[in-house]
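Worksheet for the structure shown next.
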Amino acid sequence: MVIIDQYITEHTVVAWLVMVVSFIILAKSADAFVDSAVALASKLNIPKLVIGIVLVSLATTAPELSVSLISALKGKPEMALGNAIGSVICDDGLALALAGIFAAAPILVIPKVLKTSGIFLLFIQIVAFIFVAWDYTLSRAEGVILVIFFLGYIALLLKQHKNNELGDDREIHEVEPITEVSSARIALLFFLSLVGILVASRYIVVSAIKIAHSLQVPESVIALTMVAFGTSIPEIATCVAAVRKKHGAVAVGNIIGADIMNICWVAGASAIANPLVLGKKEIYFMFPAMFVIVLAMLIMLRHKYRLTRRNGIALALLYVIYLAASIYIFPPEAKPEAEEITVDSNIESQISEEITP
């Protein structure tokens, strides 16, 4: 793996080749991942939306957790919290948007699950913002509180399912026949496909960083958007694969669950590892941007409890506006050419280490 990283960072052509191969592996792994997740839902008699919120989102947020924890431990709070919040924005504005755009028909969701998860998502966003805005720090104690909130939410969701309060998404989605295979084989497929997603995602990010630098993309843009995008690739791949296989509930559940986990689990665990101290400018850009796009997403899903292609396009436009605002608010600093090359090399090396699962 180290040898491959070295070749990528030294040769742009190799970076392009690795990226193409990684996208192929990612697509195949995402297909297998969705199949195994749906099979688990069928075996356990659990609605696919619940599987998406709990199991799939827990797995696909592994890159965010890895990057944010490493960033926190290395004393880079902007990267740690920025990755978590940026991933929420990317998940809603890109992953879910693509799901809505590529879906053959509007994606239907379970009203009860959406209400529970949507209210909790809005609540936890406000709590996290108050914690950070109060003293520009997400402390260890506040990180513990976020993790406890997350565990309580999962317990509530599972309790609602046990009491048959959630309904069953099989009533609103046609389920494709699932070949009768053993639970062990399904679990093995789930694990192997997840490994494929994580490894392919890692190399997509490493390659993208090299290509971006070779094309002289501003460093500030890379720091604000590329890492969050890279760690969100598993969610993007899973969403697109899910809607292609007519399992839209998995896609929606994955995004809602990933949003909650990024705030509670990723940011919370990172703060426990090392308190996250941020600047006022970063805080008052990241959180309002997240509020806008998450609220828009929930309003769209609340309307007739479905996500349409038009909704997907609207979310994608919001994401483009967010990217443009990032460039405008955090413009690149003019530096001598020689110095830029040195800084680029350092950032490339640091981010490559941080995104290692």
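The values are calculated or read from the model by the stated rules, or taken from the named source; none is laboratory data. Keep in mind that this is a model prediction, so the values were computed, not measured. Don't worry about glycine lacking a Cβ; one is built from the backbone with ideal geometry, like all the others, and counts go over all protein chains shown.
Evaluation of Ala59 against the conditions (1) within 20 Å of Ala30 (Cα to Cα); (2) at pLDDT 80 or above; (3) of a type in the set (A, V, I, L, M) shows that the sole unmet condition is (2). Within segment 254-268, if we keep just the residues that are within 19 Å of Ile145 (Cβ to Cβ) and of a type in the set (Gly, Ala, Ser), the residue that is surrounded by the most Cβ atoms within 10 Å (Cβ to Cβ) turns out to be Ala267. Of Asn311, Asn254, Asn274, Asn262, all but one fail to be over 19 Å from Ala84 (Cα atoms) and of a type outside the set (A, V, I, L, M); the exception is Asn311. Of the residues Ala208, Ala242, Ala228, the single one that is modelled with pLDDT under 70 and surrounded by 20 or more Cβ atoms within 10 Å (Cβ to Cβ) is Ala208. The set of residues in segment 269-280 being within 14 Å of Leu65 (Cα to Cα) and buried (at least 24 other Cβ atoms within 10 Å of the Cβ) consists of Ser270, Ala271. Taken residue by residue, segment 109-131 has at least one member that is in contact (Cβ under 8 Å) with a residue 60 or more places away in the chain, outside any helix (DSSP H, G or I) and under 14 Å from Val252 (Cβ atoms). Restricting the search to helices (runs of 4 or more DSSP H) fully inside segment 59-107 and requiring at least 3 residues that are closer than 20 Å to Leu301 by Cβ gives 77-90, 96-102.
Only one of the numbered conditions (1) out of contact with any Pro (no Cβ under 7 Å at 6 or more places or on another chain); (2) touching a residue at least 12 places away in the same chain (Cβ under 8 Å) is not met by Val277, and that is (1). Quickly run through segment 87-108 and pick out the residues that are under 19 Å from the mean Cα position of the chain (by Cα), over 30 Å from Val132 (Cβ atoms) and either crowded, with 24+ Cβ neighbours inside 10 Å or free of Cβ contacts under 8 Å to residues at least 40 places away in the same chain (or both). Result: Gly100, single match.
Residue count for segment 60-86, restricted to those that are within 11 Å of the chain's Cα centre (by Cα), farther than 28 Å from Lys304 by Cβ and buried (at least 20 other Cβ atoms within 10 Å of the Cβ): 8. From the list Gly82, Gly100, Gly75, Gly118, exactly one residue is of a type outside the set (A, V, I, L, M, F, W, C), over 23 Å from Thr238 (Cβ atoms) and modelled with pLDDT under 90. Which is it? Only one candidate passes the filter, namely Gly75.
For segment 109-126, a tally of residues being surrounded by fewer than 16 Cβ atoms within 10 Å (Cβ to Cβ) and closer than 16 Å to Met290 by Cα returns 4.
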